[in-house]
Every structure is written in structure tokens, then in C-alpha cells.
Amino acid sequence: MPPEAFRSALAAADEFMYQEVARLPLSKRTDQEKMALYARYQALTLKETGLDASQELIAGMLKRMMQYGTKLVLFGDVLPTLTDLKKRGLALGLISNVDRSIEPLCRELGLSPLLQVVVTSQDVGVNKPQPGIFQEALRRARVEASEAMYVGDQYQVDVVGANEVGMKGVLLDRIGRMRERRDCPRIRTLTELVEHV
């Protein structure tokens, strides 16, 4: 299977997961509900690649994943672009639907020196696309919504949510899977963001 096909499958599964977490955060789900959600995510990923998998295979995959864990890494354009934008005097921030502190992760990834604002759903008690999380980020950054731009890779959760509070939502579509979205700026890499600032 070509890597592009697998990336497209992961993007579709990620979109499902983001919408589910926006609907009901993981912290408000039982362990059984979380496992069922992860199983649906894996099944969707495999289905998008053209593979049908049994529940036993998916359960085995989840067990393996939990044994080995994962490590997050940044795309190669993230730090250079954020560094460039910070040098231009822009206030930079991060909004995330997570129910734990991400400060340690930001430090580990080298993001902390570049970000003035970090807001999570744990901090605010609501998830994207709800207005409260975007409004809290604006308050902390001390900027008006009309002065702010929000970049995200999920149309409904990121772009629509940001637009609804008056920010300019920009869709980061790294693999070109959301070409039909023409009502917002769409970029393939963060380096293209500079053209929209």
C-alpha cells in the first residue's frame, strides 16, 4: 500500500476521533467506552485502506499499541514557521482538545519558547468547536477575534469553530483530501501560512 493511501486513511479516522472527542471528551467516558472508541478508530482506518478486519484482530492491534505506546513528533515545517512568525512579532498560541496538561509535551517538542498561549479543553471545560475555548485563547492573548487566525486540520472542529467566534479559520490539509472546502483558506504546509498573515 502506498504511504499516501495510509495517510489518507489515518486522516479520515482522525477526523472521526476529533468529532467524537468534541462531542464527549475522553475524560467523561468509561474505560469500556474509550476502548470501544479506539476500536472504531482502528476499524475505520483499516476500512479506509480497503481492509476489513475482525473484532479479534482490532482488539489484538489495540493491545499491541498499548504495550508499545507512541511518541509524538512534529512535522518538519512546524518549528521553522513558528520561529518566523514569532520574529514578525505575532502572538502565537495552541488550542487543543485534551483533558490533561500539555505543557510537558510542548517543552519536549521545543514549542514552549514559541508559544505565548496554550489553552486546553481541560483548562476551559469545553472542547473545540465550542466558542468558549477559542474565546479563552483570545482573552489570554489579549487580541480581538478579528485580529486572530486559527490553523487546524479538522474543518468542523477547527475552522468552523474559529470562524464562529470571528477568527479567520485556515484549514491545514497536508494530504489534499479536503479539496471541496472552498469557503476558507486551505494550505498544504505551514510555510504557506505566511501568505495569509
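Let me see the pair-distance distribution of the stretch 3-68: every alpha carbon pair, 5 Å bin width, integer percents in order.
With 5 Å bins starting at 0, P(r) equals 3, 17, 24, 26, 21, 7, 1.
Hey, what D do you get for the chain in µm²/s if you plug the Kirkwood alpha-carbon radius into Stokes-Einstein at 25 °C and 0.890 mPa s?
Rounded to a whole number, D works out at 135 µm²/s.
When the Karplus curve 6.51 cos²θ - 1.76 cosθ + 1.60 is applied with θ = phi - 60°, which whole-Hz ³J(HN,Hα) does each residue of the stretch 180-186 get, with x for Gly and Pro?
6, 7, 10, 9, 7, x, 10
Note the full-extension length gain between Q156 and A59 as 0.36 nm times their separation in residues minus their Cα-Cα distance, in nm to one decimal.
Answer, rounded to one decimal: 32.0 nm.
Using the Karplus curve 6.51 cos²θ - 1.76 cosθ + 1.60 with θ = phi - 60°, what ³J(HN,Hα) values do you get for each residue of the stretch 101-112, in whole Hz, with x for Gly and Pro?
5, 10, 4, x, 5, 4, 5, 4, 7, x, 8, 3
What's the extension gain from R181 to D52 if we count 0.36 nm per residue and subtract their Cα-Cα distance?
Going from the current span to full extension adds 43.5 nm.
In degrees between 0 and 90, to the nearest 10, how far off the longest principal axis of the chain does helix 31-48 point, with axes built from Cα atoms?
Computed tilt is about 90 degrees.
For the chain: lysine pairs with Cα atoms under 18 Å, gap of 8 or more or different chains, count?
Eligible lysine pairs with Cα atoms under 18 Å apart amount to 4.
Quick one: angle between helix 3-23 and the longest Cα principal axis of the chain, in degrees between 0 and 90, rounded to 10, please.
Computed tilt is about 80 degrees.
If exposed trypsin sites (Lys or Arg not before Pro) are those in a DSSP loop with at most 10 other Cβ within 10 Å, what is the longest stretch of the chain that has none?
Longest gap between qualifying sites, sites excluded: 1-70.
Hey, can you grab everything whose amide H is under 5 Å from the amide H of T120? Only 5+ residues off in sequence or another chain; H modelled, so Pro and N-termini drop out.
For T120, the qualifying residues are S96.
For a test of the definition: using alpha carbon positions, the gyration tensor, and the 1.5 limit on a/c, classify the stretch 122-172 as rounded, prolate or oblate.
Oblate.
At a Förster distance of 22 Å, what's the computed FRET efficiency of L72 paired with F16, Cβ-Cβ distance as r, to 0.05?
0.70
With everything on Cα atoms, drop me the angle between helix 131-141 and the longest principal axis of the chain, reported from 0 to 90° to the nearest 10.
Approximately 40 degrees, to the nearest ten.
Amide H of Y150: which non-local residues (sequence gap of 5 or more, or other chain) have their own amide H closer than 5 Å, using H built in the peptide plane?
K168, G169, V170
Every number here is computed from the coordinates shown, using simple stated rules; none is lab data. As the structure is a prediction and not an experimental result, all values here were calculated from the model. Because the Cβ atoms are built from the backbone with ideal geometry, glycine has one as well, and the counts that use them run over all protein chains shown.
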